[in-house]
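Trainee: Structure provided below as C-alpha cells; questions to follow.
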Amino acid sequence: MKWIAPVVLLGACGGPLEPVAESEAPAAATPVTPAPVTPTEEAQAQIAPPPATDSAWVAQGGTVAVGGAVQASCGSRPGYDGYTLQAAAGTQVRLEVTHAGSSLYLDTGLFLYGPKDANGGYAGPVLFQDDDSGYGELSRIDVATLPTSGEYLVVVGWGNAAGKKYRLQVDCVGGTCVTQPPPAPSGHTLTLLEQPLAPGLQTALDAANTWREDQYAYLRRFDFAWPYTGAAALEQAASAVLAMPLYAGYRADPAPETFAYAQLQPRMNSQYQSLHPALLSTYGRPPETVQVRSFFRRFSTGPNGDHWRTLNVILLPSAYKVLVYEQTGHEI
C-alpha cells in the first residue's frame, strides 16, 4: 500500500525534449510554450518526513531484513512506503536507496522510526533521516544505531515519482547484527563518524557564542560502530578524539580528569550550561553511565592575561556516540 502525501507536489517529471523537424518548426512570430524538462537537483525540494507515524495512519509496504533489499514502484504522486525491520538492541545498519535498481532522476527521502510501542505505532521523533547523501538525489544513511530490540519502521519517500522505481537496501555494519558478537580485541580503537548536530542544539550553541567576545565553545557529535559484547570504554573514545590533528595539542596534558557527566555542568561557561541537559535528552539512551574525560591547555601569559581551552570527551556507550565539547576562556 502507498502513503500519498496530502498537500504539495514536490517535483514534476518530464522526459527529454523531442527533436522538431525543420518543416514542423513554428513560425518566428508564433509564441512557443517551453516543453517540460527533467528536474535537476537544484529544482527539487527536500522530501519532508511523513505527516504522522501512529498506527491509524501507517500503511506498510512490507518487511525488509538486515542484509536484504526490496524494490517497488512509486505511485503517480508524491508519497511514502513503509517497511518493518526487526533488530536486536545495538544493531547498526546502513540504509540506502541504491543507484542500481532505482529509476533515473528519482528524488527520494529516507526516514527511520521506532521501536514499535505498546500501542502498535511508531510515535516519536525521527531517529535518522537523509535526503540526498546517496547517488544523485537518492538517499543514504551510513550508520544507524538501533537502541533497543524490537520492530522499526523504514520509510522511503519520493517527490518526482510518475511511476518510477526505487530499490531499498539494508546492510549490517560493524558485525553488530549477529546474535552473539565476540568480545572486543585487545587494543581495539574506535573509528568515529561525524554526524551533524541536532538543529536545536546547534541553534542554542550559536546563540550562546554571541554573548561574550572572550568565551567561545564548540560542539561535535560522532557515531561509532561497536560489533562486540560489553561497551566501549572512555579511554578508547578519548584516544580516538586525541588522534585527530585538531586536538593534538591536548596530548601534552599530564593529568586529564575523568568524572561523571553530572559534574560537567558547573565546569561549563554559564551561557552554555543549558546545553548540559539537552545533550542527554537528545542523544542519551537511559539507563546508561555517561562519563567525561577532560583535558586542559593554558597558553602563555601576556599583557592581556591567560588564555585557556578545555576539551571534554563525552562517551554515551549505549547510544554509540561520542560528543566533543570544547570551550575557551580568558583570565586577566
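Trainee: Could you run the Karplus curve 6.51 cos²θ - 1.76 cosθ + 1.60 with θ = phi - 60° over region 229-236 and give me ³J(HN,Hα) per residue in whole Hz, x for Gly and Pro?
Mentor: 3J(HN,Hα) across region 229-236, in whole Hz: 6, x, 9, 5, 9, 4, 4, 5.
Trainee: Roughly speaking, what is the centre-to-centre gap between region 262-278 and region 185-250 when only Cα atoms are used, to the nearest Å?
Mentor: Between the Cα centre of region 262-278 and that of region 185-250, the gap is 16 Å.
Trainee: By average Cβ neighbour count within 10 Å, what is the ranking of 83-91, 212-220 from highest down?
Mentor: Highest mean packing first, the order is 83-91, 212-220.
Trainee: Hey, another quick one. Using amide H atoms built 1.01 Å from N in the peptide plane, name the residues 5+ places from residue 63, or on other chains, whose amide H lies under 5 Å from its own.
Mentor: 84
Trainee: What list of ³J(HN,Hα) couplings, whole Hz, do you get for region 263-277 from phi and the Karplus terms 6.51, -1.76, 1.60, once you set θ to phi - 60° and write x for glycine and proline?
Mentor: Calculated HN-Hα couplings, in order: 7, 6, 4, x, 8, 8, 4, 4, 5, 9, 5, 5, 6, 4, x Hz.
Trainee: By how many nm would the segment from residue 215 to residue 117 lengthen if fully extended, with 0.36 nm per residue of separation less the alpha-carbon distance?
Mentor: 30.9 nm
Trainee: While we're here: Residue by residue, what Karplus-based ³J(HN,Hα) values in Hz, rounded to whole numbers, does region 196-202 have, using 6.51, -1.76 and 1.60 with θ = phi - 60° and x for Gly and Pro?
Mentor: Whole-Hz 3J(HN,Hα) from phi for region 196-202: x, 5, 4, x, x, 5, 5.
Every read-out reported here was derived from the displayed coordinates using simple, explicitly stated rules and does not represent laboratory data. Just so it is clear, the model here is predicted, and its values are computed rather than measured. Neighbour counts run over all protein chains shown; Cβ positions are idealised from the backbone, glycine included.
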